[in-house]
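Everything below concerns the one structure shown next.
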């Protein structure tokens, strides 16, 4: 790999991916498909514009490391473990069932299972793993990571990664199996996890506490921590991706995870673009003899997910929709499979180059199929549910199951200053059950700890970042409060917040603070449902007292709401009258 070719190669890859991705978007096709096509265009099969494919491989590996880091940040272990039996049964059972099915199917197709002709065994192992890169990106874009099927999907992917590490550790001994490498991998993984969590608890925690008021340092330290743990994992003989996952889990235990995730997402997306381009560059000419094998692999991958995950989830008590959507989410081949295939062909000589080629095609096809199936999972499930009803199994009711999957926190507070604190105090005194319905986004770790102690869900984040608001899942909010005056906000304003919330949650009621009449009109025009002028509102509460003291209490209209709490409808009516 010539270092002088690195920057030009990255530029060519990104520009081509951008152009082809825009074309795919124009024709309403998955962006991933555009990236794969871009890789084929600039790679050996196409125009050969990339001078050093190895340079793109290195950059794409960084994308996978960042992806696993962000997965760890987003992973709520309590929520995943809350799935309990369902996750354990589906997670640990799916891979084993798929491998057993694969050995039977590919063995019957004439592929070897032992020695230097282990193509059938490799295909069975590779088809049992699903693509973390594709699934997480699609579920994140669709805002379904925090649903029950999303959490189960994520949990199964994590367990699959553990299986993949064991496969990589055991792979050199396929011709002469021994237990030693497996025990070594298990011990190294346990040591890495224990060391990571102990270090984060006693050292990283103090580092974060000292830099919490410098958001850019929080991000820098987090990425440095990710690089350090990933490097340590590589030194221990584990995958760097596993190290990044452990690093993310450690940071995810702190209240800074949402902020770090929002800030690192653009960086991750840049590297993942190169990952998909590099995958497209590996595509070789498809020979007629390969077509039947590729088709068989694609059919097997989809069928094996529904023959393993669906019954396992149903038997463990999951609903029909959860079982169906989780199976659908995981119906593709993993990027880990390409690593396993490359090592098996080049380093160990267990399989032929033809097997590697058909796996690449099958992975590309299943990834594109998943782009459509995950996007349209709801109508696909409705059709499946109707079919099951006609077959006499009854209809589960898609809407009811889907609604039950989402966390119920319909009230969001952007920032926690005096007004927000007063609201929480009032609810705690009069309606304590309502505290569990709130979510608060704030930059003060001490405030978040106090909220947690009171049973309020708090998230660390920068209100000036639209990515933070997006990741805080405001889409499901019914009411959003922006109670901090502009003079106290840093890097944003109530007008910017209203616009951002309106884009993310167009059906939510937005209540914002206005400084004066002009500001009030701007907020309402931007989409605020109600604009509050605190000082005028305070004056209205004081006016009856002043009138009473002046002997004019009969003039006061205590039932009148006053002119200082103006709704968008009243604002529009006043403008029309004018």
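The values are calculated or read from the model by the stated rules, or taken from the named source; none is laboratory data. Remember, predicted model here, so these are calculated numbers, not experimental data. As a convention, Cβ positions derive from the backbone with ideal geometry for all residues, glycine included, and neighbour counts pool all protein chains shown.
For the list (1) at pLDDT 75 or above; (2) assigned by TED's automatic domain parsing to the domain that holds residue 529, I need the number of the one condition that residue 390 fails.
The failed condition is (2).
Which of the residues that make up the stretch 19-52 are within 22 Å of the chain's Cα centre (by Cα) and assigned to a helix (DSSP H, G or I)?
Hits for the stretch 19-52 are 21, 25, 31, 32, 33, 34, 35, 36.
Could you please find all residues in the stretch 227-240 being in a helix (DSSP H, G or I) and within 21 Å of residue 183 (Cβ to Cβ)? Steps first, please.
So the first thing to find is which residues in the stretch 227-240 are in a helix (DSSP H, G or I), and the list is 227-235, 240.
Scanning the stretch 227-240 gives 232, 233, 234, 235.
Say we look at the stretch 495-509 and pick out the residues that are part of a loop (DSSP other than H, G, I, E, B) and crowded, with 18+ Cβ neighbours inside 10 Å; which of these is modelled with the lowest pLDDT? Give the derivation first.
We begin by selecting, within the stretch 495-509, every residue part of a loop (DSSP other than H, G, I, E, B); these are 505-508.
Going one step further and asking which of them are crowded, with 18+ Cβ neighbours inside 10 Å, we end up with 505, 508.
Working: 505: 83, 508: 89.
Among residues in the stretch 495-509 that are part of a loop (DSSP other than H, G, I, E, B) and crowded, with 18+ Cβ neighbours inside 10 Å, the one modelled with the lowest pLDDT is 505.
Could you please give the count of residues in the stretch 86-132 that are assigned to a helix (DSSP H, G or I) and surrounded by fewer than 21 Cβ atoms within 10 Å (Cβ to Cβ)?
Keep residues of the stretch 86-132 that are assigned to a helix (DSSP H, G or I), which gives 86-108, 119-127, 132.
Cutting the leftovers down to surrounded by fewer than 21 Cβ atoms within 10 Å (Cβ to Cβ) gives us 88-89, 92-93, 96-97, 100-101, 103-105, 107-108.
Selection size over the stretch 86-132: 13.
Determine whether the stretch 158-175 contains at least one residue that is more than 22 Å from the chain's Cα centre (by Cα), part of a loop (DSSP other than H, G, I, E, B) and modelled with pLDDT under 80.
Yes: the stretch 158-175 contains one or more residues that are more than 22 Å from the chain's Cα centre (by Cα), part of a loop (DSSP other than H, G, I, E, B) and modelled with pLDDT under 80.
I'd like to verify a number: residues in the stretch 1-20 that are modelled with pLDDT of 75 or more and under 15 Å from residue 271 (Cα atoms), how many?
Our first condition is that a residue be modelled with pLDDT of 75 or more; within the stretch 1-20, this holds for 7-20.
With the extra rule that they be under 15 Å from residue 271 (Cα atoms), the set shrinks to 7, 9-18.
Residues meeting the conditions: 11.
Can you give me the number of residues within the stretch 532-551 that are in a helix (DSSP H, G or I), without any contact (Cβ under 8 Å) to a residue 12 or more places away in the chain and loosely packed, with under 14 Cβ neighbours inside 10 Å?
To start, the set of residues in the stretch 532-551 that are in a helix (DSSP H, G or I) comprises 534-549.
If we keep only those that are without any contact (Cβ under 8 Å) to a residue 12 or more places away in the chain as well, we get 535, 538, 541-542, 545-549.
Now narrow it down to the ones that are loosely packed, with under 14 Cβ neighbours inside 10 Å: 535, 538, 541-542, 545-546, 548-549.
The number of residues fulfilling the criteria is 8.
Failed condition for residue 341, given (1) at pLDDT below 90; (2) under 16 Å from residue 163 (Cβ atoms); (3) under 25 Å from the mean Cα position of the chain (by Cα), with all others met?
Checking residue 341 against (1) at pLDDT below 90; (2) under 16 Å from residue 163 (Cβ atoms); (3) under 25 Å from the mean Cα position of the chain (by Cα), the one that fails is (3).
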